[in-house]
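One structure is given here, and the rest of the page talks about it.
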Amino acid sequence: MVTSLKEQPLKRQPVYRNLHLTQLISYRLPPAGWVSILHRLSGGLMFLLLPFVIWMFDTSLGSEISYEQFTSVFGFGAAGLPGWFWKLTAFVLIWAYLLHFCAGLRHLWMDATHAVDQRFGQVSALVVIGLSSVVALALGARLFF
């Protein structure tokens, strides 16, 4: 017995909607999603901190006197902010660079090898977060101690 299309029940289509900002805390994002978001945030953060990077580079290489000024900012502070704040800013910049670099290498690897399955995405995302965090903590320990 052949049934017509009109007699078959309609399948309910999934509804896709954007997440609201208040829902981000309760939403379980996979590791690859976190790496994607952190990759964008670290790129934006590095762009915003570019004047600080240029100042650090220029001041550290200008002369012996400017290098002493450079190191005193991290020791005693500048612009009304304590030295630990400038060290923390440099640490955040180091972490952002390392995360952005590792995530970029991950994307290049996926593009070059066409390794885009779910398992590789999860493992490589966790490696990016772990590797960038461990190296950033090692460099941060050197910065703070």
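The values are calculated or read from the model by the stated rules, or taken from the named source; none is laboratory data. From a predicted model like this one, the values you see are computed outputs, not experimental measurements. Every residue, glycine among them, receives a Cβ derived from its backbone with ideal geometry; neighbour counts consider all protein chains shown.
General observations
- Residues (in a helix (DSSP H, G or I) and touching a helix residue (DSSP H, G or I) at 6+ places or on another chain (Cβ under 6 Å)) located in the stretch 98-126: L98, L99, H100, C102, A103, R106, G121, Q122, S124, A125, L126
- Test result for V135, within 16 Å of W95 (Cα to Cα), out of contact with any helix residue (DSSP H, G or I) (no Cβ under 6 Å at 6 or more places or on another chain) and at pLDDT 95 or above: no
- Residues satisfying the stated conditions in the stretch 38-71, i.e. aliphatic (A, V, I, L, M) and under 19 Å from V92 (Cα atoms): L38, L41, L45, M46, L48, L49, L50, V53, I54, M56
- In the set V92, V73, V53, V35, only one residue is assigned to a helix (DSSP H, G or I), touching a residue at least 24 places away in the same chain (Cβ under 8 Å) and more than 14 Å from the chain's Cα centre (by Cα); that residue is V53.
- Candidates G140, G121, G80 - the one that is of a type outside the set (D, E) and more than 22 Å from the chain's Cα centre (by Cα): G80
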